[in-house]
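Here is the structure we will look at, set down as structure tokens.
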Amino acid sequence: MAVGRYVSDLEAGDRLGPVEYVMTPFIVREYAHGVELNHPCFHGDDPGGHFAPPTLVHTDKLRLFAASCPGGDGPHARLHYEYDATWHAPIPAGARIRTTGVVAERYEKKGRTYIVLRIELRGADDSTLYVTYRDTALLAYRPSSRFDGADKR
């Protein structure tokens, strides 16, 4: 388990979560404002319902990191590299969510360390599968001389 460690310490097989929370209308609305999504279904103004935007899934990764790795990123800043999310059902505002994750892979390529996370968002009350999410993050890199602090003018 990664509790009490840094994100940079995560290894393949480490389990993150579960983290439970309510997808409140406020969270949905404020996130939608922040990323300039103006469709009424993200603001509670659509008669068809009030739903979370697909990219809100990124905040679940941050929730898992905060709960499992309270030390933060570690010696280097973590960079979001790529992701793929599959939406199985829309997440209604007000739903209770249970997020879990696992470090599926940790590898090095060209002097850089990466981790691949597999994350699931389910209904906390009924286990409805809302989202499966694969996220690749760059943990460490070899800085160029231009940015490694060698030039201290």
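The values are calculated or read from the model by the stated rules, or taken from the named source; none is laboratory data. Bear in mind the structure is a predicted one, so any value in this text is a computation, not a measurement. Counting neighbours? That spans all protein chains shown, and the Cβs are built from the backbone with ideal geometry, glycine included.
Criterion applied to 56, 64 was being modelled with pLDDT under 90 and in a helix (DSSP H, G or I), and the one residue passing it is 56. Checked against (1) charged (D, E, K, R); (2) assigned to a loop (DSSP other than H, G, I, E, B); (3) surrounded by 12 or more Cβ atoms within 10 Å (Cβ to Cβ), residue 29 passes all but a single condition, namely (2).
A quick yes/no check of all residues on (1) within 18 Å of residue 20 (Cβ to Cβ); (2) exposed (fewer than 15 other Cβ atoms within 10 Å of the Cβ); (3) not hydroxyl-bearing (Ser, Thr, Tyr):
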position: 37; (1), (2), (3): no, no, yes
position: 76; (1), (2), (3): no, no, yes
position: 113; (1), (2), (3): no, no, no
position: 121; (1), (2), (3): yes, no, yes
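Given the conditions (1) of a type in the set (S, T, N, Q); (2) in a strand (DSSP E or B); (3) over 15 Å from the mean Cα position of the chain (by Cα), and given that residue 38 satisfies all but one, which numbered condition is not satisfied? Result: residue 38 passes all but (2). Just for segment 44-57: of the residues that are surrounded by fewer than 17 Cβ atoms within 10 Å (Cβ to Cβ) and in contact with a His (Cβ under 8 Å, 6 or more places away or on another chain), which one is farthest from residue 122 (Cα to Cα)? Within segment 44-57, the match that is farthest from residue 122 (Cα to Cα) is 46.
Per-residue answers, yes or no, for (1) touching a residue at least 12 places away in the same chain (Cβ under 8 Å); (2) part of a loop (DSSP other than H, G, I, E, B); (3) in contact with a Pro (Cβ under 6 Å, 6 or more places away or on another chain):
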| residue | (1), (2), (3) |
| --- | --- |
| 11 | yes, yes, no |
| 16 | yes, no, no |
| 33 | no, no, no |
| 46 | no, yes, yes |
